[in-house]
Amino acid sequence: MKITPQCVVALTWTLKDTLGDVLDELDESVEFLLGGDDLLVKIEEALQGHEAGDALELHLEPEHGFGDYDENLVFLEPRAIFPAELEEGMTFDGAALPEGASGEMPQDFIYTVTEIYPEHVVLDGNHPLAGIAIRLAIKVESVRDATEDEIGQGTMGTGFFKLEPLIPGNDTLH
């Protein structure tokens, strides 16, 4: 079966920066919905017409990947408003930041803790891969028709490098 819009593809990949450093490697296949919110547009376009067993090599500039880095999305917030167990790399939903956070932060971003100081925390609303050109070696492991439920949901629940915020009521910070 060839890949068309509204189908489910199982992929493995190796993601590298332009210097050849491996940023991510997916050895076990993961399913993604084409025509939904799971994959970047340029990846979906490149997959069209391929079938199980095919391999693709893609080079994506920041504007087709995770965007350019925006220094206006970096904020300094008081350390005291965050949990004691705060660590670099943890993420927070902009719509659910701790009470006392500045009102200047757009709510529709996921913020990553990039630095922790005794009095302040640096929160970055940019995707960790923003501003980076990436090279992606993809292998199509399988292709199938999407079900009506999958199409209705618009996702298989495993987006391509999506950030997951701290979920209220969840004790695990990530």
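List of remarks:
- Sequence-separation-based contact order of region 56-113, relative, with Cα cut under 8 Å and 6+ spacing, percent: 32 percent
- If R0 is 30 Å, the Cβ-Cβ spacing of residue 50 and residue 99 corresponds to a FRET efficiency of close to 0.05.
- Shown in residue order for region 46-55 are the 3J(HN,Hα) couplings computed by the Karplus curve 6.51 cos²θ - 1.76 cosθ + 1.60 at θ = phi - 60°: 5, 6, 3, x, 7, 9, 3, x, 6, 10 Hz (x for Gly and Pro).
- Note that region 71-124 carries a Kirkwood radius of 11.0 Å, evaluated over its alpha carbons pair by pair.
- For residue 23, the residues whose modelled amide H falls within less than 5 Å of its own, excluding neighbours fewer than 5 places apart on the same chain, are 15, 16, 17.
- Percent RCO, i.e. relative contact order, over the chain, from Cα pairs under 8 Å lying at least 6 residues apart: 35 percent
- Simple Cβ-charge dipole of the chain, Lys/Arg +1 and Asp/Glu -1, about Cα centre, in debye nearest 20: 320 debye
- Helical mean residue ellipticity (222 nm; -39500 (n - 2.57) per DSSP H run of 4+; nearest 500) of the chain: -2000 deg cm²/dmol
- Vicinal HN-Hα couplings computed from phi for region 20-35 (Karplus, 6.51 cos²θ - 1.76 cosθ + 1.60; Hz; Gly/Pro x): x, 6, 6, 9, 6, 9, 10, 8, 9, 5, 10, 8, 10, 8, 7, x
- Whole-Hz couplings from phi, Karplus 6.51/-1.76/1.60, listed for region 65-76; x for Gly and Pro: x, 10, x, 6, 6, 10, 5, 6, 9, 10, 10, 9
FYI, it's all coordinate maths here, none of it is from the lab. The shown structure was predicted, so the numbers you read here are calculated from the model rather than taken from an experiment. Using ideal geometry, Cβ is built from the backbone for each residue, glycine included, and neighbour counts are taken over all protein chains shown.
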